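Heads up: the structure comes next, in structure tokens.
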Amino acid sequence: MVKKYQQRFRKFKDEMDRWDDLQVRLISQYQNASSIIGRLELLQDPKNFGSLSGMDGIVDALLGKQMESLQLSFSSIKKTMEELGNVVRSMEKIYRDGKQLVKGGSNQPSIKQLQQRVGLKPSLEDCLNGLMLLCNMHRSEYNLKESIVSALPELFWKARNHRAQDLSSLQQLLVDQPNIRKEEVEFIFDTILVPEA
Amino acid sequence: MVLLGIVVPFVAPVVNPQDLPVHYSSFIAIVFGAVGTITTPGSSPLLPSITRLWRPSAQRNIRNQWSKLSLLKQQWASSSSSGRSHATSIVNAYLSEKYIPSMELGSLSDMIDIRNKVCLKLSKQQKLYRSKLLSSYKEMVDIVVQMVNASRLMKCYFKRSSSSTLVQFSNSSEDNNNDDVGDGGGISVFTLLTIPCFEKLAEELVHMFELELNLKRWLLMELFSLGSESSPKSLVWSEELYSGEFDNLCLCNLWSEETNELLHPSLKGHESNTPIVSSNQHPNAEVLQVYLVAWLAEVNIHTKRVDEIFELVSEEIHVGLS
């Protein structure tokens, strides 16, 4: 029984790797978008164009082009978020399947069986709780990211001095992933998978 | 028409050739192999047999040229981006050099001549990156020249050679007789587009890169003149940045026949050819940032349209162009 759970944890690990890849991508996309937002103000003032302002139509053209790439990076952020959502959903599926393993079977284990540990092996309850915790972490982190990303377009309209600060603090939040506590994740995996090694 | 058992003999009415529907004559031409005598309006002036041979070789040529264009587009992107990073390095070195005198050096200020040494180092760096930027620019010039060449080689001429009986085609018009304009008589090469269509698309595409090249040249000259306090030789628009540059820019349609000088940078739809007056002042940090954004943004290259063109062509020629 525990073996089956360990398999699930390994599957969960794969999903977490996918999450990490997407996280890297999301951050670079966010940086891209925020650096464009950061310089829009600069581009709105023809004074900043120096001699280049002598070129007919350059101010509008440059602004238009930047808006275009901003839109592009917004849509790529959206795509990455969708993929992150998929990862969270398949994590939750792994957890649901895990619950089915104990509850769906013909002989339902008693509470005592659930808590029973054999040697170094984790109890079934440990496994289930571990999966649930990991799922919750990623779900709430996903929700946080969702709200950070949706705040991005609003920053357009903010005053300049606030904007730069907000952009960088949001980015920090995105990088830190406060909902996914590294030590806890490691601890869970150690308790479940270590006895095998 | 004449059924058995009908007694009255059928007399076919006399039909003048002019009264025939238009497609009849081409039908006749095919059936009877009538050579060169009957041409319906819009059909190929070449013999049908030659047209049949022309198509595959024209297709091969079109595929080649467009694959080249697609490859060149990628090369442009990489040269442009390395150019941008060199440009950024120039700007950074220049700005740090400017700030050195006012910089708080802390305990470092005890070192003799530290500021001068740092400045010297920074101006050396600028020089290094300037030469790197110039070589990126050179690459871009070469790329656009090749683009222009590819866009001009879309045609496929029937080559008449007396020595061999084989029908041959080439994409140069040198050894062909006058009645062949290389477009296969205006028929479509694959399913829809004719040679002039392909040429027009290529021309539109290449024109964007030509304009962008000129803007990049201007930006480069602005960046080069940053450090000109130490070297009094300032750059002039009408002087070559390297030998042979103007020959190449001429090929890129950036030479004005009227004024007999290099065109001034302009945007599409705003072609005015008035020089951009450079101010004598050195640009400040904000302006330099805008210059870098201008390099990065490639305002003349309308990404959506470029993708559209490549998509259209790629569908037509059944070759993936990314």
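Reducing the stretch B:250-322 and the stretch A:28-79 to their Cα centroids gives an inter-centroid distance of 16 Å.
How far is helix A:182-193 tilted, in degrees, relative to the longest principal axis of the Cα atoms in chain A, given as a value from 0 to 90 rounded to the nearest 10? It is inclined by approximately 30 degrees. Compared with the dominant Cα axis of chain A, that is its longest principal axis, helix A:124-151 is turned about 10°. Taking amide hydrogens as placed 1.01 Å from N in the peptide plane, the amide H of B:K159 sits under 5 Å from those of B:Q168, B:F169, B:S170, each at least 5 positions away in sequence or on another chain.
To the nearest ten degrees, helix A:2-44 and the longest principal axis of the Cα atoms of chain A are 10 degrees apart. Starting from the Cα of B:K159, draw a straight line to each of the aspartates and glutamates and keep only those under 17 Å, dropping any in the same chain fewer than 8 residues away. B:K159 reaches B:E174, B:D175, B:D179, B:D180, B:D183.
Database remark: amide H of B:T194 closer than 5 angstrom to the amide H of B:V189 (H placed geometrically; neighbours at sequence offset of 5 or more, or on other chains; Pro and chain starts carry no H). Per residue of peptide B:297-305, the mean number of Cβ atoms on other chains within 10 Å of the residue Cβ is 4. A cut-off of 5 Å between modelled amide H atoms, ignoring neighbours fewer than 5 places along the same chain, links B:W255 with B:L263. With all protein chains in place and ligands, DNA and RNA left out, the 1.4 Å accessible area ranks A:D176, A:D17 as A:D176, A:D17, largest first. Taken one residue at a time, the phi angles of the stretch A:49-61 give Karplus couplings (6.51, -1.76, 1.60, θ = phi - 60°) of 8, x, 5, 4, 5, x, 8, 4, x, 5, 4, 5, 5 Hz. Gly and Pro are set to x.
Residue-wise HN-Hα couplings along the stretch B:136-148, as the Karplus relation 6.51 cos²θ - 1.76 cosθ + 1.60 with θ = phi - 60° gives them from phi, are 5, 4, 4, 4, 5, 4, 4, 4, 5, 4, 5, 4, 4 Hz; Gly and Pro carry x.
A straight Cα-to-Cα reach below 26 Å connects A:K103 with the lysines A:K3, A:K4, A:K11, A:K13, A:K93, A:K112, A:K121, residues fewer than 8 places away in its own chain not being considered. Other residues with beta-carbon under 13 Å from the beta-carbon of A:L63 carry, at +1 per Lys or Arg and -1 per Asp or Glu, a net charge of -2. Using only DSSP helix segments of four residues or longer, with each worth -39500 (n - 2.57), what per-residue ellipticity at 222 nm results for chain A after dividing by its residue count and rounding to 500? The per-residue figure over chain A is -27000 deg cm²/dmol. Chain A against chain B buries an accessible area of about 1800 Å², both chains summed, 1.4 Å probe radius.
Quick one: net charge around B:I301, please, counting Lys, Arg +1 and Asp, Glu -1 for every other residue with C-beta under 13 Å from its C-beta. It works out to a net charge of -1.
Pairs from the table (B:K68/B:K216; B:K98/B:K268; A:K99/A:K182; A:K47/B:K132; A:K78/B:K200) lying more than 32 angstrom apart at Cα are B:K98/B:K268; A:K78/B:K200. Per the 1.4 Å probe, what fraction of the accessible area of the stretch A:70-186, in percent, lies on carbon and sulfur atoms? The value for the stretch A:70-186 is 52 percent carbon and sulfur by accessible area.
All other residues with a Cβ under 15 Å from the Cβ of B:Y291 taken together, and with Lys, Arg as +1 and Asp, Glu as -1, what is their net charge?
On the way: positive: A:R39, A:K47, A:K65, B:R84, B:R130, B:K216, B:R217; negative: A:D45, B:E212, B:E222, B:E286, B:E298.
Summing Lys/Arg as +1 and Asp/Glu as -1 gives +2.
Placing one equal scatterer on every Cα of the stretch A:7-101 and applying the Debye formula, the log10 ratio I(q)/I(0) at q = 0.10, 0.20, 0.23, 0.24 Å⁻¹ is -0.46, -0.93, -1.06, -1.11.
The values are calculated or read from the model by the stated rules, or taken from the named source; none is laboratory data. Nothing here was measured: the structure is a model prediction, and the numbers come from that model. Glycine also receives a Cβ, built like all others from the backbone with ideal geometry; neighbour counts cover every protein chain displayed. These accessible areas exclude ligands, DNA and RNA; they are computed on the full protein's heavy atoms, side chains included. Shrake-Rupley method; radii C 1.70, N 1.55, O 1.52, S 1.80 Å.
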